[in-house]
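The values are calculated or read from the model by the stated rules, or taken from the named source; none is laboratory data. Keep in mind that this is a model prediction, so the values were computed, not measured. Cβ placement follows ideal geometry from the backbone for every residue including glycine, while neighbour counts extend to all protein chains displayed. SASA here: full protein model, heavy atoms, side chains in, ligands and nucleic acids out. Shrake-Rupley method; radii C 1.70, N 1.55, O 1.52, S 1.80 Å.
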Amino acid sequence: MNYYNEIKNKLIDNEVYSRVKDYSKERHKVITYFEIGKLLNEAGGKYGDNIIDEYSKKLVIEVGKKYNRRTLFRMKQFYNMFSDEKVSPMATQLTWSHYSELLSIKDINIVMYYINITINNNLSKRKLRERIKNKEYERLPIEAKDKLINCEKIEVKDLVPNPILIKNKNNIEIITERILQKLILEDIESFMKELGSSFSFIGSEYKIKIGDRNNYVDLLLFNYEYNCFVVVELKVTEFKVEYIAQVQKYMNYIDKNIKGVTNDRTIGILICKKENKFVIEYCSDERIAVREYELV
């Protein structure tokens with residue numbers, strides 16, 4: 001096989017296709033680059049790794065400047081990343097721009113996570129880059145990562161990262177619970193995306209009356225994918241046992257007085273300055289996710 005001519009013809013075909021077929025040109029590009037990556041991998045095995053340098057020099061002249069060594073190397077990376085039969089079906093789900101953001105990631109489990117959230121949340125290349133930069137996957141609990149790898153059922157609290165990043169545009173140093181709440185409300189959309197997907201905002205300082213006393217839920221959200229209310233309680237100190245009881249009280253109230261018969265049980269997210277895993281282990285509630293926060 002003449003690998004160079006095969007690669008050149010595929011690139012020329014892709015250039016022509018991209019000018020006349022707007023509807024599916026991105027998918028065509030991704031498929032073409034995958035096929036070229038396979039050819040480059042085979043050619044490298046037969047003629048040595050320098051084949052990319054040799055081919056790129058000719059392709060830049062004969063097809064276009066963008067087909068330089070870096071671009072060909074990325075195509076080969078792309079093929080190697082998705083050549084496994086278990087992951088290859090995902091190879092055409094995104095645009096080439098998206099995949100370019102993922103090629104530097106070595107762990108295929110991390111790659112698959114970002115592909116799935118990009119599809120589910122319709123992320124742009126810029127938004128995907130931001131999620132990767134913020135190390136969203138790395139901040140997931142170990143249990144959640146294991147569930148994702150083993151394709152087990154995911155619950156809404158599983159994908160809440162730790163720590164939760166909260167934007168602090170004015171670099172406020174003295175933090176109280178009220179200020180922390182204010183920072184969140186200034187960009188509530190960003191905060192809900194940080195928690196995961198499918199959250200909607202119900203209210204802040206949400207008033208509930210228990211007995212003859214008014215209580216106020218810091219944030220009340222609803223997750224429409226998991227069909228449940230979400231109580232969010234904010235603390236600016238290290239985790240304390242009594243915080244769990246407070247969140248449980250609010251969750252039980254929501255379940256008894258607000259949730260509909262078709263809604264699932266309310267869950268809770270307790271956000272504090274510092275968690276205490278040893279204490280949490282003995283007083284945890286499977287419905288409550290305890291997470292630290294970090295101002296960014």
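Sorted from largest down, give the three principal axis spans of the alpha carbons of region 1-109, whole angstrom values.
Result, largest extent first: 35, 35, 23 Å.
What does the charge count around residue 256 come to, taking other residues whose C-beta lies under 15 Å from its C-beta (Lys +1, Arg +1, Asp -1, Glu -1)? Don't skip to the answer; put the middle values down first.
Details: positive: 209, 249, 259, 265, 287; negative: 255, 264.
Overall, the nearby charge balance is +3.
In what order, largest first, do 13, 255 sit by accessible area if the probe radius is 1.4 Å? Could you put the intermediate results ahead of the total?
Working: 13 80, 255 35 Å².
Listed by decreasing accessible area, they come as 13, 255.
Suppose R0 equals 41 Å; then what is the FRET efficiency for residue 215 and residue 97 from their Cβ-Cβ distance, rounded to the nearest 0.05?
In this case the efficiency is close to 0.30.
Just flag the trypsin sites (Lys or Arg not before Pro) in region 15-74 sitting in loop per DSSP whose Cβ has no more than 12 other Cβ atoms within 10 Å. Mind dumping the intermediate values first?
Details: sites: 19, 21, 25, 27, 29, 38, 46, 57, 58, 65, 66, 69, 70, 74; in loops: 21, 65, 66.
The qualifying sites are 21, 65, 66.
On a full-extension model of 0.36 nm per residue, what is the gain between residue 295 and residue 142, subtracting their alpha-carbon distance, rounded to one decimal in nm? Don't skip to the answer; put the middle values down first.
On the way: separation 153, 0.36 × 153 = 55.08 nm, distance 2.24 nm.
Contour length minus the Cα-Cα distance gives 52.8 nm.
Mind scanning 86/167; 57/125; 25/153; 125/256; 106/167; 10/193 and naming the pairs with a C-alpha gap bigger than 31 Å? Intermediate values should be presented prior to the final figure.
On the way: 86/167 38 Å; 57/125 29 Å; 25/153 35 Å; 125/256 43 Å; 106/167 29 Å; 10/193 40 Å.
With Cα atoms farther than 31 Å apart: 86/167; 25/153; 125/256; 10/193.
Where in region 171-210 are there GluC sites (Glu not before Pro) that are in a DSSP coil and have at most 14 other Cβ atoms within 10 angstrom of their Cβ?
Values: sites: 173, 177, 186, 189, 194, 205; in loops: 173.
Sites meeting the loop and neighbour criteria: 173.
If a/c stays under 1.5 just call it rounded; otherwise compare a/b with b/c (prolate if a/b is bigger, oblate if not). Do that for region 87-134, with a ≥ b ≥ c from the square roots of the Cα gyration tensor eigenvalues.
Taking the square roots of the gyration eigenvalues as a ≥ b ≥ c, region 87-134 is rounded.
R0 = 35 Å: FRET efficiency of residue 238 with residue 150, Cβ-based, nearest 0.05?
Working: r = 33 Å, r/R0 = 0.93.
Efficiency computed from Cβ-Cβ geometry: 0.60.
Which label belongs to the value computed from this structure, given these candidates for percent of Cα pairs over 34 Å apart: (1) 38; (2) 48; (3) 21?
(1)
Out of all DSSP beta bridges in the chain, what portion is antiparallel? Express it as a percent rounded to 5. Working shown, then result.
On the way: 15 of 29 bridges.
Taking every DSSP beta bridge within the chain, about 50 percent pair in antiparallel fashion.
Which of rounded, prolate, oblate describes region 141-292, given a ≥ b ≥ c as roots of the alpha-carbon gyration tensor eigenvalues and a/c under 1.5 marking rounded, otherwise prolate only if a/b is larger than b/c? Display every interim value, and only then the final one.
Details: a/c = 1.25, a/b = 1.03, b/c = 1.22.
Verdict is rounded for region 141-292.
Across region 109-126, in residue order, what do the Karplus-derived ³J(HN,Hα) couplings come to in whole Hz, using 6.51 cos²θ - 1.76 cosθ + 1.60 with θ = phi - 60° and x for Gly and Pro?
With coefficients 6.51, -1.76 and 1.60, one gets 5, 5, 4, 4, 4, 5, 5, 5, 6, 5, 5, 5, 10, 6, 6, 6, 4, 5 Hz.
By how many degrees, between 0 and 90 and to the nearest 10, does the Cα long axis of helix 69-82 differ from the longest principal axis of the chain?
60 degrees
Scan the chain and hand back the longest stretch that contains none of the chymotrypsin sites (Phe, Trp or Tyr not before Pro) lying in DSSP loops with at most 11 other Cβ atoms within 10 Å.
Details: sites that count: 23, 224.
Looking at the chain, 24-223 is the longest stretch - no exposed chymotrypsin sites (Phe, Trp or Tyr not before Pro) with at most 11 other Cβ atoms within 10 Å.
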